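Values quoted throughout were computed directly from the atomic coordinates according to the rules given, and no laboratory measurement underlies them. Quick caveat: nothing in here was measured; it's all calculated off a predicted structure. Here Cβ is always computed from backbone atoms with ideal geometry, including for glycine, and neighbour counts include all displayed protein chains.
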Amino acid sequence: MITDVKGFNGLSLAFIGDAVDELKIRTYLLSTGLTKVNDLQKRSKEFVAAKAHAKLYFLLEEEHILTEEETEIYKRGRNSHPHTKAKNTDFATYQISTGVEAVLGYLYLKNDQKRLDQIINWMIEKVESGQTRG
């Protein structure tokens, strides 16, 4: 396992966090009984798209879910300077999403599965309850 997780830049953490988020959400969606790929893809966007991450971040902040350390990691991801253009969203939303993904990547690389699952399950609950719509 990687030992110096704090040494990674925000984009590196977001890179792995994006993959972790996708895998966790896809696994969750399969567990709900969805099997058609088009339905799975459509539903997964409700959880992992930049706009969904932005809405989830504001709920994370409002409910004081992130620790001080996680907030630091979020800011490192959000304030990074990606060399790619945001797809289907504005740059500010893309930056917020990058911050969220950085937190997930950090927890994964830190091997803090319990906390990672806590946050992912919280995110699932918020999306499923409709708190990220609109």
Taking only the stretch 1-33 into account, find how many residues are over 23 Å from GLN95 (Cα atoms), surrounded by fewer than 17 Cβ atoms within 10 Å (Cβ to Cβ) and not polar (S, T, N, Q). 5
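State the number of residues belonging to the stretch 54-105 that are among the polar types (S, T, N, Q), in a helix (DSSP H, G or I) and without any contact (Cβ under 8 Å) to a residue 12 or more places away in the chain. Reasoning before the result, please.
So the first thing to find is which residues in the stretch 54-105 are among the polar types (S, T, N, Q), and the list is 67, 71, 79-80, 84, 88-89, 93, 95, 97-98.
Add one more test, that the residue is in a helix (DSSP H, G or I), and what stays is 71, 93, 95, 97-98.
This time we only want the ones that are without any contact (Cβ under 8 Å) to a residue 12 or more places away in the chain, so: 71.
Residues meeting the conditions: 1.
Report, by residue number, each residue of the stretch 33-53 that is over 16 Å from ARG78 (Cβ atoms), in contact (Cβ under 8 Å) with a residue 12 or more places away in the chain and assigned to a helix (DSSP H, G or I).
Those that are over 16 Å from ARG78 (Cβ atoms), in contact (Cβ under 8 Å) with a residue 12 or more places away in the chain and assigned to a helix (DSSP H, G or I): LEU40, ARG43, SER44, GLU46, PHE47, VAL48.
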Under 9 Å between Cβ atoms, which residue pairs at least 6 apart in sequence (or on different chains) link something in the stretch 18-32 that is more than 10 Å from ILE124 (Cβ to Cβ) with a partner that is of a type in the set (Gly, Ala, Ser)? ASP18/SER97; ASP18/GLY105; ALA19/GLY105; VAL20/GLY105; ASP21/GLY105; GLU22/SER44; ARG26/SER44
For the stretch 37-64, what are the residues that are surrounded by 13 or more Cβ atoms within 10 Å (Cβ to Cβ), more than 14 Å from the chain's Cα centre (by Cα) and of a type in the set (A, V, I, L, M, F, W, C)? LEU40
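Yes or no: the stretch 6-28 includes at least one residue that is among the β-branched types (Val, Ile, Thr) and in a loop (DSSP other than H, G, I, E, B). Steps first, answer last, please.
Filtering the stretch 6-28 down to residues among the β-branched types (Val, Ile, Thr) leaves 16, 20, 25, 27.
This time we only want the ones that are in a loop (DSSP other than H, G, I, E, B), so: none.
There is no residue in the stretch 6-28 that is among the β-branched types (Val, Ile, Thr) and in a loop (DSSP other than H, G, I, E, B).
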Single residue of THR71, THR89, THR67 found to be surrounded by 15 or more Cβ atoms within 10 Å (Cβ to Cβ), under 20 Å from LYS114 (Cβ atoms) and of a type in the set (S, T, N, Q): THR71
